[in-house]
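Each remark here refers to the structure printed beneath this line.
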Amino acid sequence: MPESPEVQALVEFLDERVVGREIAEIDVAEFRIVKTRGRPPGSLVGARIDGLQRFGKHVGFDTTAGWLMLGFGRNGWIRWHAPDEPPGDEAVPEVARIGLDDGAAMQIVDTGDFLAVTTSVVDAPADLSGIAGLGPDPLDEDFSQDEFERALGTRRKQIKALLQEQTSLAGIGNAYSDEILHRARIAPTRHAAVLDGDERQRLFEATVDVLRGAAADRRGLPPDRLKQAKVAAMAVHGRGGEACPVCGTTIVDRVFGGASAQLCPHCQSEPSPALRRRPG
Ligand SMILES: [Zn+2]
């Protein structure tokens, strides 16, 4: 699932290449991705792209005829084709294609079993409830500990699920939530309400450090190398059975509440009930 560091790198990569260009054609191969039937993507043909912006895990193209909003779901992505590298005959799970006036093309693909890419054309990004409802974004320069505290609150919700809740914090998914919790040395099953002051401080710092570090590392990579770079950079996510890079303990897979997590049982041990302190 694309998460904010990779989507941010994608947006920066495309920004240098598509801003100022006109949309020459939009072919939608899979109409189920179109969420604004009265305003299909094709209504943007002839419009100029004035800018690109990331909203959590979504991308928005700001055009002279409205915003084209893209949600990638679990397995969506954009394949970039420079003007001298047009899409070939290679079979790809293309759901839509955007051609630009200089001959460049963006293939929107979805490699999942269940189609999850979405496109919408709107006057403003916040016209979509999923965008208007996004929580604060840890990649924003002015993201503060106060905002983080408000997102956590004193909720009796498992912290891994809370980190991935887009209305609480924007941009985090399954992989980076595992990485953040490992960095903060907190078990994914603990509830926000029981974390003490030190733990909340560590979790805030880990959230910012993991996401901003990943965004800095991915910057400048072409879109087709971002997923591979993300997988290679993981300390615990997807590494069940391997050694924890911090302490050497074997990383374990846990399944709870219908979700899975990888964690280090030593670095992220659950405190025994007697040692649990009250939230600070
Ligand atoms: Zn460890």
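The values are calculated or read from the model by the stated rules, or taken from the named source; none is laboratory data. What you see is a predicted model, and the numbers here were worked out from it, not measured in a lab. Don't worry about glycine lacking a Cβ; one is built from the backbone with ideal geometry, like all the others, and counts go over all protein chains shown.
Computed values, structure above
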| read-out | value |
| --- | --- |
| Of residues in segment 265-279 being farther than 16 Å from L203 by Cβ and at pLDDT 90 or above, the one farthest from the ligand (Cβ to nearest atom) | P265 |
| Those residues of segment 1-50 which are among the small types (G, A, S) and either under 16 Å from I98 (Cα atoms) or surrounded by 15 or more Cβ atoms within 10 Å (Cβ to Cβ) (or both), in sequence order | S4, A9, G20, A24, A29, G42, S43, G46, A47 |
| Checking R190 against (1) at pLDDT below 95; (2) surrounded by fewer than 18 Cβ atoms within 10 Å (Cβ to Cβ), the condition it does not meet | (2) |
| Cross-chain or 6+ apart pairs with Cβ under 8 Å, segment 247-267 first and without any contact (Cβ under 8 Å) to a residue 24 or more places away in the chain, then of a type in the set (K, R) | I251/R239 |
| From the options I186, I172, residue that is within 16 Å of the ligand (Cβ to nearest atom), touching an Asp or Glu at 6+ places or on another chain (Cβ under 7 Å) and under 29 Å from A229 (Cβ atoms) | I186 |
| Residue satisfying all of: in segment 243-258; modelled with pLDDT under 95 and not in a loop (DSSP other than H, G, I, E, B); nearest to the ligand (Cβ to nearest atom) among these | R254 |
| Sole residue being at pLDDT 95 or above and within 19 Å of the chain's Cα centre (by Cα), chosen from V45, V121, V95, V109 | V109 |
| Some residue of segment 203-221 being touching a strand residue (DSSP E or B) at 6+ places or on another chain (Cβ under 9 Å) and surrounded by 15 or more Cβ atoms within 10 Å (Cβ to Cβ) | no |
| L226 away from the ligand (no atom under 16 Å from the Cβ), surrounded by 18 or more Cβ atoms within 10 Å (Cβ to Cβ) and either modelled with pLDDT under 95 or assigned by TED's automatic domain parsing to the domain that holds D178 (or both) | yes |
| Long-range neighbours under 7 Å by Cβ, at least six apart or interchain, first residue outside the structural domain of L226 (by TED's automatic domain parsing) within segment 175-204, second in a helix (DSSP H, G or I) and surrounded by 22 or more Cβ atoms within 10 Å (Cβ to Cβ) | none |
| Index of the failed condition, S120 passing every other in (1) over 20 Å from P2 (Cβ atoms); (2) surrounded by 15 or more Cβ atoms within 10 Å (Cβ to Cβ); (3) hydroxyl-bearing (S, T, Y) | (1) |
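Condition check ((1) of a type outside the set (A, V, I, L, M, F, W, C); (2) farther than 17 Å from E6 by Cβ; (3) at pLDDT 95 or above; (4) surrounded by fewer than 23 Cβ atoms within 10 Å (Cβ to Cβ)) across all residues:
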| site | (1), (2), (3), (4) |
| --- | --- |
| G135 | yes, yes, yes, yes |
| P138 | yes, no, yes, no |
| F143 | no, yes, yes, yes |
| E147 | yes, yes, yes, yes |
| R150 | yes, yes, no, yes |
| K157 | yes, yes, no, yes |
| Q166 | yes, no, yes, yes |
| Y176 | yes, no, yes, no |
| R183 | yes, yes, yes, yes |
